[in-house]
Amino acid sequence: MKNTIGLVLLVIAAGFSSCDNSLYNKMKEIPDAKWEMNRPIKFDVEITDTTEMYDFYVLIRHNTDYTYGNLYTFVNTTFPGDSITRDTIEFILAEPDGKWIGDGSGYLRSNEVMISTKFVFPKPGLYSFEFQHAMRDSVLNGISELGIRIKPTKK
């Protein structure tokens with residue numbers, strides 16, 4: 001009986017994981033939840049379809065030791081052909097009263113923040129997205145993982 005229940009749960013979990021139609025979905029762990037300012041986090045994404053519209057999300061996992069209610073990041077985007085753009089993005093992680101935003105309970109919190117919708121990549125090739133925290137502390141305690149998810153816009 002236990003083997004049957006385990007098999008059913010495994011099939012259900014596989015079904016849910018196959019529902020993700022993301023072009024790219026990756027998290028990177030930050031060792032000891034200590035993000036150093038001079039250690040950017042980079043994601044390389046190969047784009048082949050320049051006709052599809054995409055939604056772009058940033059994924060942030062932090063613990064409750066994080067002392068701020070927001071997170072500023074610099075994002076350097078390198079396009080095929082080596083042109084680079086730089087943006088500054090603020091992520092709100094807590095309400096003004098200090099209550100954490102996002103999913104989770106206990107010590108960890110997860111946020112998925114859409115930063116662009118219906119985005120069309122201008123040309124095929126390799127795109128690099130490099131995130132560097134832009135907070136006043138040179139080492140930012142409490143941010144444990146950072147990721148991005150790019151998925152086709154729902155029609």
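3J(HN,Hα) along region 34-47, derived from phi through the Karplus expression 6.51 cos²θ - 1.76 cosθ + 1.60 where θ = phi - 60°, amounts to 10, 8, 7, 4, 8, 10, x, 10, 10, 10, 10, 10, 8, 10 Hz, with x in place of Gly and Pro.
First check a/c for the chain, with a ≥ b ≥ c the square roots of the eigenvalues of its C-alpha gyration tensor; if it is under 1.5, answer rounded, and if not, answer prolate when a/b is larger than b/c or oblate otherwise.
Oblate is the answer for the chain, as a/c is 1.5 or above yet b/c matches or exceeds a/b.
Positive-end ranking of Trp100, Thr50, Leu71 along the dipole of the chain, with charges on Cβ about the Cα centre, is headed by Thr50. Cα-based values for region 66-138, radius of gyration first and Dmax second, are 15.4, 46 Å.
Residues in region 70-87 carry Karplus couplings, in order, of 9, 8, 8, 9, 9, 10, 9, 10, 9, 8, x, x, 6, 6, 10, 10, 10, 10 Hz; the curve used is 6.51 cos²θ - 1.76 cosθ + 1.60 with θ = phi - 60°, and Gly or Pro positions show x.
Values in this text are rule-based calculations from the coordinates and carry no lab data. Because the structure is a prediction, the values reported are computed rather than measured. Neighbour counts are summed over all protein chains in view; Cβ atoms, including those assigned to glycine, are modelled from backbone coordinates with ideal geometry.
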